[in-house]
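A short worksheet on the structure shown next.
The values are calculated or read from the model by the stated rules, or taken from the named source; none is laboratory data. It should be emphasised that the depicted structure is a prediction, and the values quoted were computed from it without experimental measurement. So basically every Cβ, Gly included, is an ideal-geometry build from the backbone, and we count neighbours across all protein chains shown.
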Amino acid sequence: MREKMEERIIEENVEESKEEAQKTTVSQSNAREKKKRPAWKEVLSWCMTLLAAFVLALVLKNYVIINATVPTGSMENTIEPGDDLFGFRLAYKFSEPERGDIVIFKFPDDESQKYVKRVIGLPGEKVTITEGKIYINNSDVPLEEDYLKEDWVRATGPFSFEVPEDSYLVLGDNRNDSYDARYWENTYVTKDEIIGKAYFTYYPFSRFGSLYQ
């Protein structure tokens, strides 16, 4: 009985040795195959990886995200001159801009230029500006604007705007020094001219953070 058990143990050890040997052979074979792989295939593999990364970056830049730099103080203190912004191009593909959104858009008087302003009037609304206060649809209560840089004392009205359908009235946060809808020849920004919604400042790093505090 003991001899049979010893024989069985020996047989199991032999089988295990065979399996280990087969694994070693396969590993060595794979290693040889890798060594035999032509250099041009390695180069092609790297090129394909770089090409895929480039295409992905191109798609993100042109269809998903947008970077913008604000050169003026028209949006202070929310956005300082020279701030770099991150925007999302798809923000309004399935929804509409809301009052208070900061949008990146093609300047209606010259679409080769990009502007950044805050949405104040929505499609179909009547917007009245009197003595530096904004009233929506003849409301008795002025719009609350805690984002303004300072007391609004320049071009404070009276203004009256009838916002067309599919268009928006936008103004800067620094109303005393903002070239916005109050002065433009083409007063309103159409939805087609809106490139995306600005979300946060990413440079300089000391100002990194959301635009909506």
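So the values come out like this:
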read-out	value
Single residue of 91, 57, 68, 53 found to be closer than 16 Å to residue 199 by Cβ and modelled with pLDDT under 90	68
Residue check for residue 176: at pLDDT 95 or above, more than 18 Å from residue 69 (Cβ to Cβ) and part of a helix (DSSP H, G or I)	yes
Residues within the stretch 96-125 that are closer than 24 Å to residue 146 by Cβ, assigned to a loop (DSSP other than H, G, I, E, B) and of a type outside the set (A, V, I, L, M), tallied	7
The stretch 201-213: number of residues that are within 18 Å of residue 91 (Cα to Cα) and either surrounded by 14 or more Cβ atoms within 10 Å (Cβ to Cβ) or more than 13 Å from the chain's Cα centre (by Cα) (or both)	3
Residue list for the stretch 159-173, filter: more than 25 Å from the chain's Cα centre (by Cα) and part of a loop (DSSP other than H, G, I, E, B)	163, 164, 165
Where a residue in the stretch 177-188 is among the acidic types (Asp, Glu) and its partner, wherever it lies, is crowded, with 18+ Cβ neighbours inside 10 Å and in a loop (DSSP other than H, G, I, E, B), with Cβ under 9 Å and at least six apart	177/73; 177/74; 177/76; 177/149; 180/74; 180/172; 185/108
Tally of residues being without any contact (Cβ under 8 Å) to a residue 60 or more places away in the chain, surrounded by 17 or more Cβ atoms within 10 Å (Cβ to Cβ), part of a loop (DSSP other than H, G, I, E, B) and of a type outside the set (A, V, I, L, M, F, W, C) across the stretch 126-150	1
Filter pass, residue 187 being more than 16 Å from residue 92 (Cβ to Cβ) and in a strand (DSSP E or B)	no
Residue pairs meeting the criteria (Cβ under 8 Å; at least 6 apart or on separate chains; first on the phi < 0 side of the Ramachandran plot, in the stretch 40-51; second assigned to a helix (DSSP H, G or I) and of a type outside the set (Asp, Glu))	none
Qualifying residues in the stretch 76-88 (those that are out of contact with any Lys or Arg (no Cβ under 7 Å at 6 or more places or on another chain) and among the hydrophobic types (A, V, I, L, M, F, W, C)) - the one modelled with the highest pLDDT	79
From the options 170, 119, 153, residue that is under 18 Å from residue 74 (Cα atoms) and either modelled with pLDDT under 95 or surrounded by fewer than 14 Cβ atoms within 10 Å (Cβ to Cβ) (or both)	153
Complete set of residues in the stretch 92-116 that are surrounded by fewer than 19 Cβ atoms within 10 Å (Cβ to Cβ) and over 14 Å from residue 187 (Cα atoms)	92, 93, 94, 95, 96, 98, 99, 100, 112, 113, 114
Complete set of residues in the stretch 190-213 that are over 23 Å from residue 96 (Cβ atoms), touching a residue at least 12 places away in the same chain (Cβ under 8 Å) and assigned to a loop (DSSP other than H, G, I, E, B)	204
